[in-house]
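Reviewing the structure listed below.
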Amino acid sequence: MNDAHPVGAFAPLDVRVARKAYPVASGERLEVLNDIAFTLRQGEVGAIVGPSGCGKTTMLRIIAGLDRNYDGSIARPPDGRLGMVFQEPRLLPWRTVEDNVRLIAPQADAGELATLFDVLGLAGHRAHYPGALSLGLARRVALARAFAVKPELLLLDEPFVSLDQPLAARLRDELATLVDRYAVITLLVTHDVGEAVELADRLILLSARPARILADMPIATPRRLRTAADVASIKAQVADRLVALGQPAVTAQFN
Amino acid sequence: MLLRLASLALFIATWYAGSLFAGERMLPAPDTVLAAMLSEARSGELFLHLGATLARVFLAFMLAMTAGTAIGYLMGRVTLADRLGDPWLIVLLNLPALVIIVLAYIWGGLTEIAAILAVAVNKLPNAVVTVREGARALDPGLDDMARVFAMPRLKVLRHVVIPQLAPYIAAAARSGLSLVWKIVLVVELLGRPNGVGFEIGVAFQLFDVTRILAYALAFIAVILAIEIFLVQPFERRASRWRLRPA
């Protein structure tokens, strides 16, 4: 396997979706995405923030190559491995936690897997079947699986939704550790501005459907150095920006 | 367990009573049948015929299950295949077993291949219909997962698709085994020189009820053993990941 890529060698993710529409029952077409364009470099964490139902998952599916029916183009790192965490864990219930990860990442060596399981607090659950896990644990297995393939591009679709706050905060920390360790291109989709501000290097704010980009805001302070005060002030900036754009309705949904 | 034993004892008692009432010729007593079974076993005849029948059951069953699973999967996944295959399926489902057997013998001669194919074709539509339901119920979320992580096809089949189809395949196998062995006996009766069906045919011509019952019971015992020692352990293994009810 070609897992010995030199650091800094992979191409950016370049997303240009001019338009994406679904046919609906009445025979009309429902426009979901409108003129979405952005680029993410290696090691950069982009957070797509938008209200529920605005088309964020559709966009991730297009970027993942699961949906090819759209106008535009996606340039992914060539032959780049893709890691994805879906909204639901999507584990194979008939395989153990360890087998779920190994099946997807057969090239990962035992030492790397052990580290990964340790970081995510899964060391004691390797032999369990997913049915015996809580949702929080299952989500961590999904994270472990995505990282085990050593992705060049990591896509996360609301990975912490419906978890209680302390657990979500811990998993965010674990995710930040992993992202820093592996230096991947990460695209995180969320409707939670707080989560986005804690994790991302760049915020991409989307409007309600059909989604278009309202603002593309880089965060200057590195993730590790952000204090609670920084996070609060960035959140306030985001809110101000949305009000300035005449989107207070969107703001309300974010909070 | 006690209830089961009591029920079995009641069955044997009823059999005895029936035998007393109807006479040994119409319904021989259980011990007469057992003696006949033992004597057939000592001569080796019993095992010869049982073996021939079991081999046919096995081959026809494997053939029908393999082809049925493949066709059912295709029809459940590909709309075009479903549209094209559906009329054929309805014809096959409603074609009487006897017609298929007689036609197979006329077209293929009184051969082993014709016999096994006739049995397999009788079982096939049932397997197709059951597995098709399973294929329609496959989880699209797991499909996407396998595609995103670029799982090789064979791996997807083995670790993602087959485990989802397993309950449907097991259901088809369960009903299939009983259907296949019943049809195998008819096929043997009509055109094979050995096997349990052939023996029962001979016994029918001689009006030998003892022999009919001896062969039938021996065969039921074998099928019961297959169920307990092969089918049930397999099912337990296939469902070991499910949470046990506490």
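The values are calculated or read from the model by the stated rules, or taken from the named source; none is laboratory data. This structure is a prediction, so every number in the text was calculated from the model and none was measured. Heads up, the Cβs are rebuilt from the backbone with ideal geometry, glycines too, and the neighbour counts pull from every protein chain shown.
Below are the figures for this structure:
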quantity: Verdict on B:VAL186 being in contact (Cβ under 8 Å) with a residue 24 or more places away in the chain, surrounded by 17 or more Cβ atoms within 10 Å (Cβ to Cβ) and within 14 Å of chain A (Cβ to nearest Cβ); calculated: no
quantity: Conditions (1) facing chain B (nearest Cβ under 9 Å); (2) touching a helix residue (DSSP H, G or I) at 6+ places or on another chain (Cβ under 7 Å); number of the one not met by A:LEU116; calculated: (1)
quantity: Residue within the range A:147-162 that is without any contact (Cβ under 8 Å) to a residue 12 or more places away in the chain, surrounded by fewer than 20 Cβ atoms within 10 Å (Cβ to Cβ) and not basic (Lys, Arg) present; calculated: no
quantity: Scope the range A:174-194; condition at pLDDT below 85 and not aliphatic (A, V, I, L, M); matching residues; calculated: A:GLU174, A:THR177, A:ASP180, A:ARG181, A:TYR182, A:HIS191, A:ASP192, A:GLY194
quantity: Test: residue in the range A:64-78 that is within 12 Å of another protein chain (Cβ to nearest Cβ), in contact with a helix residue (DSSP H, G or I) (Cβ under 7 Å, 6 or more places away or on another chain) and either buried (at least 17 other Cβ atoms within 10 Å of the Cβ) or closer than 26 Å to A:GLY43 by Cβ (or both); calculated: yes
quantity: Condition check for B:ARG158: surrounded by 15 or more Cβ atoms within 10 Å (Cβ to Cβ) and either under 21 Å from the mean Cα position of the chain (by Cα) or assigned to a helix (DSSP H, G or I) (or both); calculated: no
quantity: Count of the range A:119-146 residues which are within 11 Å of chain B (Cβ to nearest Cβ) and either crowded, with 21+ Cβ neighbours inside 10 Å or under 20 Å from the mean Cα position of the chain (by Cα) (or both); calculated: 4
